[in-house]
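Working notes, structure below.
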Amino acid sequence: MIRVLFVCLGNICRSPMAEAVMRDLVEKNHLRDKIEVDSAATSSWHIGEPPHRGTQDKLREYGISTTGMEGRQLQKTDFESFTYIIGMDESNIHNIRTILSDPHSPKIFHFLDLTQYRKDVPDPYYTDDFQETYDLVQEGCQALLEKIKQEQL
Ligand code: 4NP
């Protein structure tokens, strides 16, 4: 099984959006038996909470469900469990490497480095622009699926 973990600061806006979009893409590509998707926070601020209302509303607009999703914090054991550990911005990458005590592993990388944008995913918790984030997340997830197909399938 290929296991993908998206990580952001709060696990209520960007990483759950990426988790839900990626899972939708995996299902549409009939890869549910090969690829598992999860998300986590570097902070403990929103453990057990559902995704932010703005993330829920944006995903619902595109027919993507967030049922049952709740915030959790990144654990040291996630390092061994996941094939890819993907940060939404540069500070997430720094915090992931600190929490997982691994400054070098290539399994940890910046989400939009997979795309032509090569920048941080804007945080709609502050920008309130869930559409901009959704569009970038879609593009990143499609690039990630191509990377997985090349490297693992
Ligand atoms: P996220 O956004 O990292 O994309 O989930 C945030 C969520 C919550 C907070 C900051 C960013 N917060 O300060 O509680």
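Computed from the coordinates by the stated procedures, all read-outs in this text should not be read as laboratory data. The shown structure was predicted, so the numbers you read here are calculated from the model rather than taken from an experiment. Please note: Cβ atoms are built from the backbone with ideal geometry, for glycine as well, and neighbour counts cover all protein chains shown.
Where does the chain land at 222 nm, in deg cm²/dmol rounded to the nearest 500, when only DSSP H runs of n ≥ 4 count, each adding -39500 (n - 2.57), divided by all residues?
-13000 deg cm²/dmol
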- Message: Around Arg3, under 11 Å between beta carbons, what's the net of Lys plus Arg minus Asp minus Glu among the other residues?
- Response: -2
- Above-threshold pairs, the threshold being 18 Å between Cα atoms, out of Lys76/Lys147; Lys107/Lys147; Lys28/Lys149; Lys76/Lys107: Lys76/Lys147
- Query: How far apart, in nm, are two points set 7 Å out from the Cα along the Cα-to-Cβ line at Glu146 and at Tyr126?
  - Reply: 2.9 nm
- Count charges around Lys119 for me, please; just the other residues with Cβ under 10 Å from its Cβ, Lys/Arg as +1, Asp/Glu as -1. -3
- With contacts defined as alpha carbon pairs under 8 Å and 6 or more residues apart, what's the relative contact order of the stretch 2-152 in percent? 28 percent
- Collect residues whose amide H, placed 1.01 Å from N in the peptide plane, falls under 5 Å from the amide H of Arg72; neighbours closer than 5 in sequence don't count. Ala41, Gly48
